[in-house]
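Have a look at the structure below, then the notes.
The values are calculated or read from the model by the stated rules, or taken from the named source; none is laboratory data. Bear in mind that the values here come from a model prediction, so they are computed numbers and not experimental data. All Cβ positions, glycine included, derive from the backbone under ideal geometry; neighbour counts span all protein chains shown. Keep in mind that these areas ignore ligands, DNA and RNA; they rest on the heavy atoms of the full protein, side chains included. Shrake-Rupley method; radii C 1.70, N 1.55, O 1.52, S 1.80 Å.
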Amino acid sequence: MPCKVILSKEISSTFRWIIKTRSYCHHHQNLNYNLRQNYNKSSLQYLVLKPYREELKATIKSRGIKPKLVGFLANEDPAAVKYAESTSKTCEETGVTFELRKCDKEQLEDQIVEANEDDSIHGIMIYYPVFGDRQDQYLQNVVSASKDVEGLCHKYIYNMYHNKRYLDEKQTKKCIIPCTPLAIVKVLEYVGVYNSVLPYGDRLHGRVITIINRSEIVGRPLAALLANDGGKVYSVDINNIQEFHRGTGLKLKKHEVRDTNLKIEEILPFSDVVVTGVPTPSYKVPTDLLRDGVVAINFSAFKNFNDNIKEKASIYVPAVGKVTIAMLERNLLRLYDYHNYQS
């Protein structure tokens, strides 16, 4: 008579976890192999943004809608100009109506207010830097929350820092997340840094991430997002290194921040992911300090990693601009739907 094996619920659950983990590891190995077979500057960006781009195009076409995005350019920064040009081109391909409005920075606030009150406009963005100081933070809050595709006004930033992911109690309306931090999250999800075996909201548990940038536009919001998702995040700027985390065992509901006395030479060797956004061509992350197999991502207009980065990195992403624009359009469509739902 055949022997019948009965597993306890605990053991059965453990076996399911092992199977899922092996499946996750197998997927990650296949992903690394496929990336190495077709590895160029834009391939990974393309793979990440492709499903979002296709979904946006299909949604806009099938519903017969024309979301309108207005971008304000009040500077001559080459990176901002290039970003504006890329936004225009991508919106045209997707089916989004895009209008670039150039103005003097002294006139910008009035023009934003005017756009806030124009019902034909569904999204507003500003190409920073404008003044390059706290005045830029003020401008972020001049943009109406109902049209803030960049997710930088106080309402969205407050919710993000406090790990509030929805705008309503019924959890039908997701918060708007800053575009570049969201783009980096999508890249990390795609390459398997986020562990899909773990519960949603905890999927970076056990990961150590270093971000060399603490700007209010990208670096600090990104650190908060990744820490709220369970990661231990080291935020590096010219003054010091801060640690963003949710405590041992992720006991905290939202991240907390503490100053450290650490030096970058001490944290890079055990960082699973290193993200750079230093706005100068002279800054380079020393490759010899990086751990073998690191995931390296650069969002600066300049290359912050040395040419030999691929000797250490399992995955290297030199730019995320195209994914950022896809997230921008995604936020626009979400705000378009929120507006029509309220109407």
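Points worth noting:
- Considering only 64, 123, 247, the Gaussian network model of the chain with Cα springs below 10 Å gives its largest mean-square fluctuation to 64.
- Taking 29 Å as the straight-line reach from the Cα of residue 105, the lysines in range (excluding those fewer than 8 positions away in the same chain) are 66, 68, 82, 89, 147, 155, 303, 322.
- Distance in nm between pseudo-label sites at residue 93 and residue 63 (7 Å out along the Cβ direction from Cα): 2.2 nm
- Fluctuation leader among 103, 91, 175 - the chain, Gaussian network, Cα springs under 10 angstrom: 103
- Cα-based Rg and Dmax for the stretch 62-149, where Dmax is the largest Cα-Cα distance (Å): 13.0, 43
- Net charge, residue 137 excluded, C-beta distance under 15 Å - Lys, Arg +1, Asp, Glu -1: -1
- Residue-normalised accessible area of the chain, expressed per residue, 1.4 Å probe, Å²: 53 Å²
- Projecting label points 7 angstrom from Cα along Cα→Cβ for residue 107 and residue 270 puts them 5.6 nm apart.
- The listed residues 92, 109 rank as 92, 109 when sorted by accessible area, largest first, using a 1.4 Å probe.
- Carbon plus sulfur fraction of accessible area for the stretch 181-322, probe 1.4 Å, in percent: 51 percent
- Antiparallel bridges, percent of DSSP beta bridges restricted to the chain (to nearest 5): 25 percent
- At R0 = 30 Å, FRET efficiency that the Cβ-Cβ distance of residue 141 and residue 240 yields, to 0.05: 0.65
- Under 18 Å from the residue 76 label point (7 Å along Cα→beta-carbon), backbone N, the stretch 102-130: 102-108, 127-130
- Estimated at the nearest 10 Å², the accessible area of residue 312 is 50 Å² with a 1.4 Å probe.
- The chain, relative contact order in percent, only Cα pairs under 8 angstrom and at least six apart counted: 16 percent
- Given in Å, the Rg to one decimal and the Dmax to the nearest whole number for the Cα atoms of the stretch 181-322 are 13.9, 41.
- Computed label-point distance, nm, for sites residue 291 and residue 168 using a 7 Å Cα→Cβ extension: 4.2 nm
- With θ taken as phi - 60° and the Karplus curve 6.51 cos²θ - 1.76 cosθ + 1.60 applied, the whole-hertz 3J(HN,Hα) list for the stretch 242-258 is 10, 10, 9, 7, 10, x, 4, x, 6, 6, 8, 6, 9, 5, 10, 10, 9 Hz, x standing for glycine and proline.
- Accessible surface, 1.4 Å probe, highest first, among residues 291, 101: 291, 101
- Top of 144, 43, 62 by mean-square fluctuation, Gaussian network on the chain, Cα under 10 Å: 62
- Rounded percent of accessible protein surface that carbon and sulfur make up, the stretch 97-144, 1.4 Å probe: 40 percent
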